[in-house]
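For reference, the structure is listed below as structure tokens.
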Amino acid sequence: MTTDSLIEPVLIGLLQGLLEWLPISSSGQLSLILTQILGISPAIAYRLSIASHLGTGLSGVVILRKELLRALRDLKLLEIIILPVIVGAPIALLLEKQITNLQGDLFNLMIGALLLTTAFIVYKARSGGGRKLEDLTLIDLIILGIAQGLAALPGLSRSGITIAVLLLRNMDPIDAVKASFLTGIAATGAAALYELISYNFEYWNTAMATALMLSSLSAGLLSAKSMLILAQKYNKEITIFAAIIGVLAIISAIPAFL
């Protein structure tokens, strides 16, 4: 094992971690880099991008450790974590089977189009309100689960789309971000483990996979903290909050069309 062999997973982990909790599709960006720069096939690139979410799932655990501990004795929080995953998992699995059959320019075009779709949805989510985590209803969680399942499409940001949906359901920005993170921990962790177990990756050995996880964990902590700070700063100015994350999503779409 050489230092050079660890550079690739560390860089990919850092990028994935920085983008995971922002309204930018980390799987879409990683898939573009892996296919266009590293020459990896779209199917493997997609699966690697999903597998790399294991570290950022752990970063969400660190950031929301108090909420997760509360969930052990608060059924409502437990529902917020688990129910959207149950709803979204079948959708994600169905989409995953279709995505891995795409090749070349069609794969890149889909990513670019979905990155722009993310930007549009997030930017339009400028209503918001004062609803808190405990105010989420069964309908809210089902809608959140559907949105999270659709986010299996590379280019459709899980964080961006779930925050947008929650703002449209009149949630407070801070609680919208926290709810997105809580559902994201279970969803990203489950998806990453599924990819690792189902496909028994041999692309990277254990040391490289560990480097990927640790780097994405470190960067994910920074990304999650940044989103919470942004939500707190513009808690009462929802239009500005939605506009900022919408612009970030638009910028992220540009490389797909170059």
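Summary of values
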quantity: Number of positions in the range 186-219 that are surrounded by 21 or more Cβ atoms within 10 Å (Cβ to Cβ) and at pLDDT 85 or above; calculated: 3
quantity: Every residue from the range 137-155 that is surrounded by 24 or more Cβ atoms within 10 Å (Cβ to Cβ) and either in contact with a Phe, Trp or Tyr (Cβ under 7 Å, 6 or more places away or on another chain) or hydrophobic (A, V, I, L, M, F, W, C) (or both); calculated: LEU144, ALA147, ALA151, LEU153, PRO154
quantity: Residues located in the range 1-43, provided they are surrounded by 24 or more Cβ atoms within 10 Å (Cβ to Cβ), more than 25 Å from LEU230 (Cβ to Cβ) and at pLDDT 75 or above; calculated: PRO9
quantity: Pair list, Cβ under 9 Å, 6 or more apart: the range 164-177 residue within 19 Å of LEU77 (Cβ to Cβ), other residue of a type in the set (Phe, Trp, Tyr) and buried (at least 22 other Cβ atoms within 10 Å of the Cβ); calculated: PRO173/PHE241; VAL177/TRP21
quantity: Qualifying residue in the range 44-62 (condition: modelled with pLDDT of 80 or more and touching a Lys or Arg at 6+ places or on another chain (Cβ under 8 Å)); calculated: no
quantity: GLY55 being of a type in the set (Gly, Ala, Ser), under 18 Å from ALA147 (Cα atoms) and assigned to a helix (DSSP H, G or I); calculated: no
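To keep it simple, each residue is scored yes or no on (1) at pLDDT 85 or above; (2) among the charged types (D, E, K, R); (3) more than 19 Å from the chain's Cα centre (by Cα).
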position: LEU95; (1), (2), (3): no, no, no
position: GLY104; (1), (2), (3): no, no, yes
position: THR117; (1), (2), (3): no, no, no
position: PHE120; (1), (2), (3): no, no, no
position: GLY129; (1), (2), (3): no, no, yes
position: ILE146; (1), (2), (3): yes, no, no
position: ALA152; (1), (2), (3): no, no, no
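The rows are residues; the columns are (1) acidic (Asp, Glu); (2) in contact (Cβ under 8 Å) with a residue 60 or more places away in the chain; (3) within 19 Å of ASP140 (Cβ to Cβ); (4) outside any helix (DSSP H, G or I).
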site	(1), (2), (3), (4)
ILE7	no, no, no, no
LEU22	no, yes, no, yes
ILE50	no, yes, no, no
LYS66	no, no, no, no
LEU77	no, yes, yes, no
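The values are calculated or read from the model by the stated rules, or taken from the named source; none is laboratory data. Bear in mind the structure is a predicted one, so any value in this text is a computation, not a measurement. When we count neighbours, we look across all protein chains shown, and the Cβ atoms used for this are built from the backbone with ideal geometry, even at glycine.
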